[in-house]
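Heads up, the thing below is written out as structure tokens.
The values are calculated or read from the model by the stated rules, or taken from the named source; none is laboratory data. This one's a predicted model, so the numbers in the text were calculated from it and none came from an experiment. Note: ideal-geometry Cβ built from the backbone for every residue, glycine included; neighbour counts use all protein chains shown. Keep in mind that these areas ignore ligands, DNA and RNA; they rest on the heavy atoms of the full protein, side chains included. Shrake-Rupley method; radii C 1.70, N 1.55, O 1.52, S 1.80 Å.
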Amino acid sequence: MKIVAIVGSIREDSYNKKLASFMKEHFKNRVEIAILPIEEIPMYNQDNELMPPDIVKDIKSKIAASDGMLIVTPEYNHSIPGVLKNAIDWFSRVDKVMHNKPVMIVGGSGGALGTVRAQMQLRQILNAPGVSALTLPGNEVFIGSVHEKIDESGDLIHEPTIEFLDTVMEKFMDWIQNNNK
Ligand SMILES: Cc1cc2nc3c(=O)[nH]c(=O)nc-3n(C[C@H](O)[C@H](O)[C@H](O)COP(=O)(O)O)c2cc1C
């Protein structure tokens, strides 16, 4: 099974980047996770959507070829970061590569709520007609105080969170397989 991951933070030491890298390594015997470089995507411009930059074409083709998508994101000002919205806006147009794509959402933030508000908005966005992604029902992964759960080498070290991620990833993979039946 091939999953593509996008991360809503582009800063060097991002905890959400570290979470995505941890998941890629931690689940490598169960699923192949490729992290896509959405930080290289320019600002969406409808004038260019029929002839998009190569990076957009490349990322879209990888999404289209994947079995599912993982979105790992912080919350910015009670919403999703602009870099993530920008990428989804590109993906929502022309060939609409997220259509019916199974999506699992994971969010890490410094606060106690662990991206609750951002994820509620993200689910709304993923339900827009141009996107029409399928979000894993009944499972939400909110990682609050994320800075206390990742060590200096970037590994997630908080056992309850690791166990919860194991459970939700297992459900995500089962759900993808059942959807494709
Ligand atoms: C512009 C900005 C807005 C933020 N807004 C929120 C917020 O609304 N809720 C929250 O829990 N944390 C907020 N934070 C704190 C982030 O949770 C924290 O910086 C987190 O580490 C960002 O994720 P990253 O480490 O993956 O870059 C904000 C941070 C920034 C830079």
For SER145, state whether it is out of contact with any Cys (no Cβ under 8 Å at 6 or more places or on another chain), more than 23 Å from MET173 (Cα to Cα), within 16 Å of the ligand (Cβ to nearest atom) and open to solvent by less than 30 Å² (accessible area, probe 1.4 Å).
no
Scan segment 19-74 for residues that are more than 9 Å from VAL4 (Cα to Cα), basic (Lys, Arg) and either surrounded by fewer than 19 Cβ atoms within 10 Å (Cβ to Cβ) or touching a Cys at 6+ places or on another chain (Cβ under 6 Å) (or both) and jot them down.
LYS24, LYS28, ARG30, LYS57
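Rundown of residues vs (1) at pLDDT 95 or above; (2) farther than 26 Å from SER66 by Cα; (3) outside any loop (DSSP other than H, G, I, E, B); (4) out of contact with any helix residue (DSSP H, G or I) (no Cβ under 6 Å at 6 or more places or on another chain), yes/no style:
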residue: MET104; (1), (2), (3), (4): yes, no, yes, no
residue: GLY107; (1), (2), (3), (4): yes, no, yes, no
residue: ALA112; (1), (2), (3), (4): no, yes, no, yes
residue: ARG117; (1), (2), (3), (4): yes, yes, yes, yes
residue: MET120; (1), (2), (3), (4): yes, no, yes, yes
residue: ASN139; (1), (2), (3), (4): yes, no, no, no
residue: LYS171; (1), (2), (3), (4): yes, no, yes, yes
Find all pairs meeting these conditions: Cβ atoms under 9 angstrom apart; at least six residues apart or on different chains; first residue within segment 1-21 and under 18 Å from ASP166 (Cα atoms); second residue assigned to a helix (DSSP H, G or I) and near the ligand (Cβ under 7 Å from one of its atoms).
ASN16/VAL146; LYS18/VAL146; LEU19/VAL146
Looking at (1) in contact with a helix residue (DSSP H, G or I) (Cβ under 8 Å, 6 or more places away or on another chain); (2) closer than 25 Å to GLU25 by Cβ; (3) open to solvent by 10 Å² or more (accessible area, probe 1.4 Å), can you tell me which one LEU134 breaks?
(2)
For segment 87-116, give me each residue that is crowded, with 16+ Cβ neighbours inside 10 Å and within 16 Å of the ligand (Cβ to nearest atom).
ALA87, ILE105, VAL106, GLY107, GLY108, SER109, GLY114, THR115, VAL116
Would you mind finding the one in ASN16, ASN29 that is part of a helix (DSSP H, G or I) and not small (Gly, Ala, Ser)?
ASN16
